[in-house]
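Notes for the one structure printed next.
The values are calculated or read from the model by the stated rules, or taken from the named source; none is laboratory data. Just so we're clear, the structure is a prediction, and the values are computed from it rather than from any experiment. Glycine gets a Cβ as well: all are built from the backbone with ideal geometry, and neighbour counts include every protein chain shown. For the accessible areas, the whole protein counts, side chains as well, though only heavy atoms, and no ligand, DNA or RNA atoms are used. Shrake-Rupley method; radii C 1.70, N 1.55, O 1.52, S 1.80 Å.
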Amino acid sequence: TGIVGTAKDQYTAMIVESIKQHFNVYFWQQKKGLSATISMELYPNGRVRSRQILKQSIDPIYDSAVLQAIDDAEPFSPPEDPAILGEDFNITLIP
């Protein structure tokens, strides 16, 4: 077995998993096919510098829950290679 994806891909996956641990979705939202795409910029220490919704879902409560999960999950573990923080991270959260 080997490592799949770039260092940024792996770090992004770690961020998504951390956010999902803090992501509270109502049962009725799980069946609606919701998704939201977020752009995030991080400081080298793992704190969120900025975050914004690039693509909203059809449910503003869901979008708010996504942003709250990001706030609750930070600070993220700093990446082994801080050079990957030079670009925004775009993540899509689907319940």
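Numbers for the structure displayed
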{"item": "Hits in region 31-43 (condition: out of contact with any strand residue (DSSP E or B) (no Cβ under 7 Å at 6 or more places or on another chain) and surrounded by 12 or more Cβ atoms within 10 Å (Cβ to Cβ))", "result": "Lys32, Leu34"}
{"item": "Test: residue in region 30-52 that is assigned to a helix (DSSP H, G or I) and farther than 18 Å from Pro78 by Cα", "result": "yes"}
{"item": "Region 59-95, residues that are of a type outside the set (D, E, K, R), touching a residue at least 60 places away in the same chain (Cβ under 8 Å) and either within 13 Å of Arg49 (Cα to Cα) or open to solvent by less than 30 Å² (accessible area, probe 1.4 Å) (or both)", "result": "Phe76, Pro79, Ile84, Phe89, Ile91, Leu93"}
{"item": "Yes/no for Gly46 being under 21 Å from Glu87 (Cβ atoms), surrounded by fewer than 12 Cβ atoms within 10 Å (Cβ to Cβ) and of a type in the set (Gly, Ala, Ser)", "result": "no"}
{"item": "Residue among Ala83, Ala69 that is closer than 18 Å to Gln21 by Cα, part of a helix (DSSP H, G or I) and among the hydrophobic types (A, V, I, L, M, F, W, C)", "result": "Ala69"}
{"item": "Single residue of region 6-25 satisfying the filter (assigned to a helix (DSSP H, G or I) and open to solvent by 30 Å² or more (accessible area, probe 1.4 Å)) that is nearest to Asp72 (Cα to Cα)", "result": "Lys20"}
